[in-house]
Every structure is written in structure tokens, then in C-alpha cells.
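Written below as C-alpha cells is the structure these notes are about.
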Amino acid sequence: DYVVVKMIPDNRLPPRHLHAVRTGKTFAVIKWESPYDSPDQDMLYAVAVKDLVRKTDKIYKVKSRNSTVEYTIKKLEPGGKYHVIVQLGNMSKESSMKINTVPLSAPDALKIITENDHILLFWKSLALKESNFNESRGYEIHMFDSLMNITAYLGNTTENFFKVSNLKIGHNYSFSVQARCLYGGQMCGEPATLLYDELGTGKDSSATKSGQATDVAAIVVPVLFLLLVTLGIGFVVLYMRHRRLQNSFTAFANSHYSSRLGSAIFSSGDDLGDEDDEAPMITGFSDDVPMVIA
């Protein structure tokens, strides 16, 4: 035996399982279930959205007969904080939740250029990739000194660069640039961070590789040039010595005995090619030949 029992719907119950399905920069998709299964008529829900930053409220009406209801809340602000309340239109018990929208992205291509007594921060305009960002909002810059363990707010600008002065030698700094925070610093963009490594060198991390390459080139190029010059001079000296040895050997070979003249001829090598074959050679003196001295 069995019996079928049909429960009487209670419109005073709150919606069930309220949760966020997806959140973006300017919207949030929420989902909930009806207070009881299989509603037999359209149910009117009141969705209240409280802006916890601006301190404003908005109420939306949603009508549905489905057991599961999905609704998209639009016109939210990036990086905002909201309190969402869902209840039946008869002001029954409520279900609530908090959601945070996705903040604006960090600026791209943050770089540091080192000058004589200051540095310049450069970055790309955030409006190039964020349609919800207006340049008039501007950017704010923060600096963290790792040696002192202090974070400082340097200021804000509507430009795409910022000048930083009075940096201390031997300190490491981290700079961050983000969309300017609104309403008491509660709605900020994601920060782009870059390390500036002082340590007495004045070099930043974005230029570390190029700076090291420049330093290495400044050392290696002169050394290679001196090595090439030294090798060139060495080859010239070896070539000259080789030539002198060759000339000496030729002179020695030519100074051997000549069968045509019947005597030995010795030459120093300096007068090679200048000797006169017709000139008589002195072969010796005899005792019976008078010597005449003029």
C-alpha cells in the first residue's frame, strides 16, 4: 500500500543554492533554485544589488516558472564589490551572496629608462585593450623599497610616463603602475610591476641583459682588436725572419767553389747580383813579383 502526499507550496521560503556562475569586468551571472520543486505558476523574484563601494542600490525583477533560474546582472564596474540579495516578490525570506567583479588589466610594456639623476617609467595606454578605461581616470604609481621594507605612493598621472627622482644608491626598488583607484582606493586596476636594481649600478631589470651585453662588448672588442694586431705583427716578424734566412741560405749556396774561375768565392749576400763576372780574382802573391805601392 502507498499514499501520495502533495506538499502545500510555501511562498515564505527563500530561494535555494544562490551562487555566482561567472563574473566579468562589468557583469555577473548568478543562479539559484526556486523555494520548492516544480512550481506550478510563474514566480516573481526581486534581485537587489547593493554597491558596497558607491553605497547605492538597484533592484531588478525576474519572473520565471523554472525550478532553476539564471540571471545576468549588467552595468557593473570593474573591480567593484557587490552584495546580491534574492527573494520572492512578496518579501519572503532572502538568500544573499557577495561578488567581486574582475578589475581592469595591468598596463602592458612597463619599462624603465635611466637618466643622470632620475629614472622614467613608460607603459602602453590601457585604453588600447580596455574599452571600459578612460584616460582621464589616469594611473597611479607605487614604489616598494626592499631594503627599508616600505611601500610609498608616488602620485598619479594621465600620461603614459612618470618621472621618479631621489633614489638612494644601494637600494632595490619595485615600481607598480595601475589604473587609478576610485572611491577611497577600493576600485583599482591590476598593477604592472617592474624591479629596479640599484645596488650602486643604476641599472634596471628591464635593461639588465642589454646593459650586460654592452659592458661585455666594451671589454671584448678592444681585447680582440689587440689580439688581432699582435697576431698581425707576429706574422710580419716571422715573415721577415723567414726572408732573411732564405737570403742567407741563397748567399751561402752561391759562395761555394766555382769550377769556371778555379777558385772559391765567398759573398756576404748583400752584393748578390752586383758581382762582375769579368773582374779578375786575386788568387795569391808570389815572392818574385815586385810590389809597387803608389
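For this structure, a couple of remarks:
- You will find that of ASN116, ASN160, ASN156, the residue that is open to solvent by 60 Å² or more (accessible area, probe 1.4 Å) and farther than 15 Å from PRO191 by Cβ is ASN116 and no other.
- Subset of the range 177-202 that is in a strand (DSSP E or B) and either under 24 Å from THR26 (Cα atoms) or of a type in the set (A, V, I, L, M) (or both) - its residue that is nearest to the chain's Cα centre (by Cα): LEU194
The values are calculated or read from the model by the stated rules, or taken from the named source; none is laboratory data. None of the values given here were measured: they were computed from a predicted structure. Note: ideal-geometry Cβ built from the backbone for every residue, glycine included; neighbour counts use all protein chains shown. All accessible areas refer to the heavy atoms of the entire protein, side chains included, with ligands and DNA or RNA removed. Shrake-Rupley method; radii C 1.70, N 1.55, O 1.52, S 1.80 Å.
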